[in-house]
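Engineer: Take this structure, written in structure tokens, and hold onto it; I'll ask about it next.
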Ligand SMILES: [Zn+2]
């Protein structure tokens, strides 16, 4: 994938240092916080949760710079590049097709656990979009999982994940998410099939973005193959590792691997959002 590190996107909210514990839960002091920060980094665990308990998220006050390695910094810049590219694409696509004006979503980077407007989520939940606060939540550790457990390496596989989540935001902007929400509450039995339709449409929207990057020579065929593998890998509910009783919009059925790659391909072959109507087919 062709990209240049270009700094951090304005739409990225870095909450990696906050984790689930928060700095303000109990008073650790600036020195203690710094030690915890370094230890958390060394052990790849958020030790703040141990010391502060799960007191809910508060804005980090002690340390403004999150614990991160050089490799992670590159990843953050990559996430920024993809996020901006995906959102710029939708900014052009939606009005051009007579649809609504696009408004930007935020992407929240976190470690271990996070409080969103949709409830608390653990890293194991996988990346997700919360329609209530219009934010995508991502733990960079998920990219390691994509590489290792899911066997989907490659930058474009990671890009696909972001494009898919922004696809959910596009659904919110277009009012599709609201419609589905109302349909779900009037007929709870239809909840799962409706969720699958939503997921497949987000895959299709991700494909439409991939199409635009191919036109601009940002990706090549091997990138697309990597994205297809990612779509397939996260197909059969492998993301569903969430803790019980916690809400996550991504916790529903996503559709089979075959369906997911099919719809990604459909998006890849089209420039018209109406091609991604997964609800009437
Ligand atoms: Zn999804």
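Engineer: Somewhere in the range 239-257, is a residue under 14 Å from residue 203 (Cα atoms), at pLDDT 70 or above, assigned to a helix (DSSP H, G or I) and within 15 Å of the ligand (Cβ to nearest atom)?
Structural biologist: Yes: the range 239-257 contains one or more residues that are under 14 Å from residue 203 (Cα atoms), at pLDDT 70 or above, assigned to a helix (DSSP H, G or I) and within 15 Å of the ligand (Cβ to nearest atom).
Engineer: Please specify each residue of the range 187-199 satisfying the condition of being in a helix (DSSP H, G or I) and either within 16 Å of the ligand (Cβ to nearest atom) or more than 13 Å from residue 279 (Cβ to Cβ) (or both).
Structural biologist: The answer is 188, 189, 191, 192, 193, 194, 195, 196, 197, 198, 199.
Engineer: Exactly one of (1) modelled with pLDDT of 90 or more; (2) surrounded by 21 or more Cβ atoms within 10 Å (Cβ to Cβ); (3) part of a loop (DSSP other than H, G, I, E, B) is unmet by residue 104. Its number?
Structural biologist: (2)
Engineer: If you don't mind, another one. Of everything in the range 203-219 that's free of Cβ contacts under 8 Å to residues at least 60 places away in the same chain and either surrounded by fewer than 23 Cβ atoms within 10 Å (Cβ to Cβ) or within 15 Å of the ligand (Cβ to nearest atom) (or both), which residue is nearest to residue 144 (Cα to Cα)?
Structural biologist: Filtering first and then ranking leaves 214.
Engineer: Further question on the same structure: Considering each residue of the range 137-171, count those that are touching a strand residue (DSSP E or B) at 6+ places or on another chain (Cβ under 8 Å) and farther than 21 Å from residue 228 by Cβ, and give that number.
Structural biologist: 4
Engineer: Just one of 146, 138 is crowded, with 19+ Cβ neighbours inside 10 Å and within 15 Å of residue 16 (Cα to Cα); which is it?
Structural biologist: When all the criteria are applied, what remains is 138.
Engineer: With 227, 206, 202 as the choices, which residue is at pLDDT below 85, within 15 Å of the chain's Cα centre (by Cα), closer than 17 Å to residue 157 by Cβ and assigned to a helix (DSSP H, G or I)?
Structural biologist: 227
The values are calculated or read from the model by the stated rules, or taken from the named source; none is laboratory data. These numbers come from a predicted model, not from an experiment. Counting neighbours? That spans all protein chains shown, and the Cβs are built from the backbone with ideal geometry, glycine included.
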